[in-house]
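Trainee: This is the structure, below, for whatever I ask next.
Derivation of every value follows stated rules applied to the coordinates shown; laboratory data play no part. Being a predicted model, the structure only gives us computed values, none of them experimental. So basically every Cβ, Gly included, is an ideal-geometry build from the backbone, and we count neighbours across all protein chains shown.
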Amino acid sequence: MRNIIYGVLLMISLSVNALAKPHIVILATGGTIAGEAKSELATTGYKAGSIAIDTLINAVPEMKEIANISGEQIANIDSSNMSDEIWLKLYGRLSELMEDSSVDGVVITHGTDTMEESAYFLSLVLDAKKPIVLTGAMRPASAMSADGAKNLYNALALAASKEARSRGVMVAINDRIFSPRDVTKTHTLNIDTFKSPNSGEIGYIIDGKAVFNTLSQVSPKAAFKKAAFNIKGLKSLPKVDIVYTYSNDGSKVAIEAFLGAGSKGIIVAGSGAGSIHQNQKDYLIQLLKDKKLVVVKSSRVGSGIVPLSSEEVAQGFISANNLNPQKARVLLMLSLTKTKDIKEIQKYFNMY
Ligand code: SIN
């Protein structure tokens with residue numbers, strides 16, 4: 001009899017404990033965090049996106065002490081192969097999870113190569129009522145001193161924390177927390193690769209505890225929770241491409257090809273403060289006149305604002321503000337789901 005009572009009490013205490021913990025869902029998409037190499041020394045030449053989410057979760061048992069966890073495999077790819085289709089799938093599942101009262105936050109495991117684009121996209125399309133934290137790794141899970149386990153633990157701790165509640169979509173990697181708008185990958189292989197060149201990180205995770213910088217240091221653009229763009233029901237996104245500027249390049253070949261392939265908008269990764277080779281620019285001015293394309297001037301430099309002259313404004317160019325070309329592409333794709341009006345689109349670039 002006594003054993004039965006002890007058993008019942010133990011079960012009650014275990015379930016109360018489980019109820020007290022936040023419920024965090026991990027959506028896995030692949031990347032190096034799920035990558036495996038043949039040798040412990042190998043940090044290149046491995047296959048990203050080969051380990052399943054359950055294996056990743058079981059490899060970090062400490063996570064179960066701070067949250068009730070469920071894992072879902074959305075994709076298992078190298079993030080250089082990220083697609084609109086997977087973005088829309090992620091958006092659909094995240095929209096459901098934001099409304100699910102049994103869920104307190106979400107972690108997304110993602111390859112580092114295009115994490116900044118996915119994070120920015122999700123931050124613009126979701127009513128992020130709960131924390132959504134993207135993380136990844138620079139070293140495959142099989143590597144000596146792999147960074148994935150700690151990054152996953154930190155991302156989960158952040159998603160489960162009270163401090164993260166009003167912060168919407170974030171990127172957490174290498175002990176730092178970043179806003180999706182400003183974060184970018186800056187080194188091909190080093191684990192300290194993510195930076196926010198225009199605004200800095202918004203916080204840190206120290207021994208599993210999220211510590212945010214004071215509000216004055218956080219970009220006001222860092223944490224909008226309400227969706228800027230409603231993409232509910234969309235099955236595809238407008239095609240936008242990037243043209244890179246470099247010396248001796250006055251050709252219009254790439255622009256013509258993109259136009260021929262159905263591009264609705266072009267981002268120019270210009271030199272310096274967004275300069276474009278005059279021959280290319282003349283062609284773009286003609287396309288703007290004929291209303292064939294929307295053209296956004298950004299810069300390949302990696303930080304800083306791209307200004308427009310009054311002549312360029314009159315010609316119909318849009319400034320990317322301080323978005324890098326890959327993020328300007330995301331914002332133009334979403335802008336084009338709403339309008340083709342250049343002044344309206346410029347407002348989005350000033351705002352988001
Ligand atoms: C990827 O982006 O999927 C590969 C590289 C990485 O995750 O670090």
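Trainee: Check Lys327, Lys338, Lys291, Lys281 and return the single one that is farther than 26 Å from Asp84 by Cβ and basic (Lys, Arg).
Mentor: Sole residue among the options that is farther than 26 Å from Asp84 by Cβ and basic (Lys, Arg): Lys281.
Trainee: All but one of (1) crowded, with 17+ Cβ neighbours inside 10 Å; (2) away from the ligand (no atom under 11 Å from the Cβ); (3) under 19 Å from the mean Cα position of the chain (by Cα) hold for Ala67; which doesn't?
Mentor: Looking at each condition in turn, Ala67 falls short on (3).
Trainee: Going through region 28-77 one residue at a time, which ones are assigned to a strand (DSSP E or B) and in contact with a His (Cβ under 9 Å, 6 or more places away or on another chain)? Break it down stepwise before answering.
Mentor: Step one: of region 28-77, the residues assigned to a strand (DSSP E or B) are 28-30, 36, 47, 68-77.
Ala28, Thr29, Gly30, Asn68, Ile69, Ser70 - these are the residues of region 28-77 that are assigned to a strand (DSSP E or B) and in contact with a His (Cβ under 9 Å, 6 or more places away or on another chain).
Trainee: So how many residues does region 70-85 have that are over 19 Å from Ala137 (Cβ atoms) and within 15 Å of the ligand (Cβ to nearest atom)?
Mentor: 1
Trainee: Across region 120-153, what is the total count of residues that are more than 13 Å from the ligand (Cβ to nearest atom), closer than 19 Å to Leu331 by Cβ and touching a residue at least 40 places away in the same chain (Cβ under 8 Å)?
Mentor: Selection size over region 120-153: 9.
Trainee: I'd like the residue in region 87-116 that is in a helix (DSSP H, G or I) and within 12 Å of the ligand (Cβ to nearest atom) and, out of all such residues, is surrounded by the fewest Cβ atoms within 10 Å (Cβ to Cβ). Write out each step before concluding.
Mentor: Going through region 87-116, the residues in a helix (DSSP H, G or I) turn out to be 87-99, 115-116.
Subsequent filtering for residues that are within 12 Å of the ligand (Cβ to nearest atom) retains 115-116.
Values: Met115: 27, Glu116: 25.
Only one residue fits best here, namely Glu116.
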